[in-house]
Amino acid sequence: MIANRMKDYVKGSSVIRAMFEEGKIMAEKYGKENVYDFSLGNPNVQAPCEVNNAIKEIVEEENSVFLHGYMNNSGYEDVRKTIADSINKKFDTSFNETNIVMTVGAAGGLNVVLKTLLDPMDEVIVFAPYFGEYRSYVSNYDGKIVEVEPDLLTFQLNLADFEAKITNKTKAVIINNPNNPTGVIYSEETIKALSDILNKKSKELGIDIYLIADEPYRELAYDGEEVVYLTKYYDNTIVGYSYSKSLSLPGERIGYLVLPDELSDSDDIKAAANVATRILGFVNAPSLMQRVIAKCIDAKVNVEVYDKNRKLLYDSLVSYGFTCVKPQGAFYLFMKTPCEEMEFVNEAKKHHILLVPGSSFGCKGYVRIAYCVSYETIEGSLNGFMELAKKYGLS
Ligand SMILES: Cc1ncc(COP(=O)(O)O)c(C=O)c1O
């Protein structure tokens, strides 16, 4: 018999994944071009050509015993150095290879950090709406998720509620910038205010509170919006990065953690993250992909494709009478539903439109629309959205 805890996970298994599977069934039934599947954050933009070229070069040039072998659990030193240098150049920081741990995507990185930091019943604060998998990751290490109420007007961080929710059991705070599911980017002003609260409360309570910056969407920012680098604002910051979205490599499972020297107990944290990588069963991040990343350190995906989708979708939905905050980054739009959210999700399905309910992100009354799809998919869906708006008296 499976573990009781797994029974709950299986029962409540990801709504997003379930929707994705339903999309595949609908595509078979109605034809792929007649189904508008906005459920999964699976990039539709090609990985840059540098990636495939690097794979070919590496496979041809490297000694395969070295290439496919084990290495330090934190990853190849030279790859980590290349990444540290690149971060330093971009953000005027001073990291080196000892500050970088290569991870199995952002998800792997978050699990390594939480394994490293959490004792049972330690509290981890998240800001609603948030990536629902955080719940499982925190529960993996018997931690307790504490949700901050959303600021429904702007979807910036609700700092008043945040301050009220910090207790002497608070061990970590996760922020995701640019945000999944809202597409909001937190302003420098917000980050400074967040850091002030963290410094004040850590001092007042005599505890270390670690800020975990989950940043798989860092490069996906539009209209020249800046995504500030959090280690520069709050010393106890750990950054989790991934190439899943920034290089369109979600299946390759590659990312890294930044563990600055300024962290409280930095040496212990670096040592523990190295061991956590091993004992969680990752052992190390995929070796070929580590070497690819070092070769493609300046490669970029074509963000304009997402930007074009964003404009068409946002402008159209607003013109039909729907309410949503304009996304500034990532590739999601979070739209208020004119009725109970599951009713809306089911009505949308009648138009072959697949959406994820806001409650999956801890924020009822909304749907998430992942616009990392083809432009034609968005164009094809617009009639359905217009019909929905009419049905609910929006236009
Ligand atoms: C906010 C957020 N964090 C982490 C992840 C996990 O990313 P990865 O595929 O790199 O593990 C995702 C994936 O969608 C995400 O949206």
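Observations on the model:
- With 30 Å as the limit on Cα-Cα distance, the pairs of 11/336; 144/308; 115/349; 300/390; 11/391 that go past it are 144/308; 115/349; 300/390; 11/391.
- Taking every C-alpha pair closer than 8 Å and separated by at least 6 residues, the mean separation divided by the residue count of the stretch 49-295 gives a relative contact order of 28 percent.
- When the charge dipole of the chain is built from unit charges on Cβ atoms (+1 for Lys and Arg, -1 for Asp and Glu) and taken about the Cα centre, the candidate among 294, 19, 222 whose Cα reaches farthest toward its positive end is 19.
- Convex hull of Cα atoms in the stretch 49-295, direction-averaged projection (nm²): 13.0
- Between the stretch 16-49 and the stretch 299-368, the Cα center-to-center distance that results, in Å: 15
- A straight Cα-to-Cα reach below 16 Å connects residue 90 with the aspartates and glutamates 215, 219, 225, 226, 298, residues fewer than 8 places away in its own chain not being considered.
- Judged by the ratio a/c of the largest to the smallest principal axis of the C-alpha gyration tensor, the stretch 15-98 counts as prolate, that ratio being 1.5 or greater while a/b is larger than b/c.
- The stretch 177-321 shape via C-alpha gyration tensor axes, a/c threshold 1.5: oblate
- Ranked by the mean number of other Cβ atoms within 10 Å per residue, highest first, peptides 169-179, 275-285 order as 169-179, 275-285.
- Overall dimensions of the stretch 293-395, expressed as equivalent-ellipsoid semi-axes from the Cα gyration tensor (√(5λ), whole Å, largest first), are 27, 15, 12.
- Separation of the stretch 151-197 from the stretch 88-148 is 15 Å, based on Cα centroids.
Bear in mind that the values in this text are calculations on the coordinates, not laboratory data. Just so we're clear, the structure is a prediction, and the values are computed from it rather than from any experiment. Cβ: placed from backbone, ideal geometry, glycine included. Neighbour counts: every protein chain shown.
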